[in-house]
Amino acid sequence: MTIEPWYWIAFTLVAAVLQTGRNATQRGLTDNLGTLGATMVRFVFGLPFGLFFLAVVLAVSQADLPRFNAGTWAWATAAGLAQIAATFLMLAAMREKSFVVATALTKFEPVWVAVFGLVFLADAIGPALLLAIAAATAGVVVMSWPVQGVQWSPRPVILGLASGAGFGVAAIGFRGAIRTLDAPSFVVAASSVLALGLCIQSAVLVGYMLWRDRPLLANLARNWRTSMVAGGLGAAASQGWFLAFAVESAARVRTLALVEIFFAQLVSRRLFSQQNSRREWVGMGLLIVGVILVLQS
């Protein structure tokens, strides 16, 4: 299957839009389900969609499911657990700070991804990409810096930064898992790893709930309609991310993914009646510069 240079850009932009919708839906579920319950929704209710995507891909391509080797399992398990932790921390940050700023705080992720990708996957980092990451990171710092006269707490900042690190580990892990597969196409490889990751994550979370909090499972069942929406959006977004990871370095993908900040800004104004300060607008301007540079790198 021919891989066009623009594929990863299209996959990333679609995934960013879908992820913004998923984050907003999950944030709304935290009031009824708590942070852990809203975290579970992304994976448990995303699993049926992930399996469906894989079935469609295998049927259309007339391919067999690729063999998962030890490396695939190791990468996918590490990435899946890191993504669970990152999602929990992100939702916790969103409960304490504005939707846009909390989302921005997680977007230190490209820095982590660049470092982890270089160390573990030998992904190249050129000067243009470094400049793009620096500009985007500067935008995040400006957006999340506390306004003068407003009481500031380090807790949401720490939660957001830790979340970004977790998402960075997940991005590298899933890209590593995709690269271990001998698949007929990048689409089959990406879809297979997505389904595997969701299976691992769902098993871990449901097992934990059966052990520690069975009433939460019943509460999830009562909120199944909204949970299915969040799960479907999450699985579709992950499909986009994994397709992008299959054809391009995680550092470039996750830096371009910062356009999610703009989508989050629109959502915050529409759904949560949150207004952005002048400083946040300046920060988003720097993010634009970073996105332009990564496209040219």
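Throughout, read-outs are computed from the coordinates displayed, never taken from laboratory work. Predicted model only: the values in this text are computed from it and were never measured. Reconstructed Cβ throughout: ideal geometry from the backbone, glycine too, with neighbour counts over all protein chains shown.
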Full-stretch length increase - V282, A128 - with 0.36 nm per residue and alpha-carbon distance subtracted: 53.3 nm
Segment 1-47: projected area of the alpha-carbon convex hull, averaged over directions, in nm²: 4.2 nm²
Sequence of R254, R212 once ranked by neighbouring C-beta atoms within 10 Å, starting from the fewest: R212, R254
Sequence of T72, T39, T226 once ranked by neighbouring C-beta atoms within 10 Å, starting from the fewest: T226, T72, T39
Net +/- balance of residues flanking L220 in space, Cβ distance below 15 Å, scoring K and R +1, D and E -1: +3
Ranking of L81, L181 by count of other Cβ atoms within 10 Å, fewest first: L81, L181
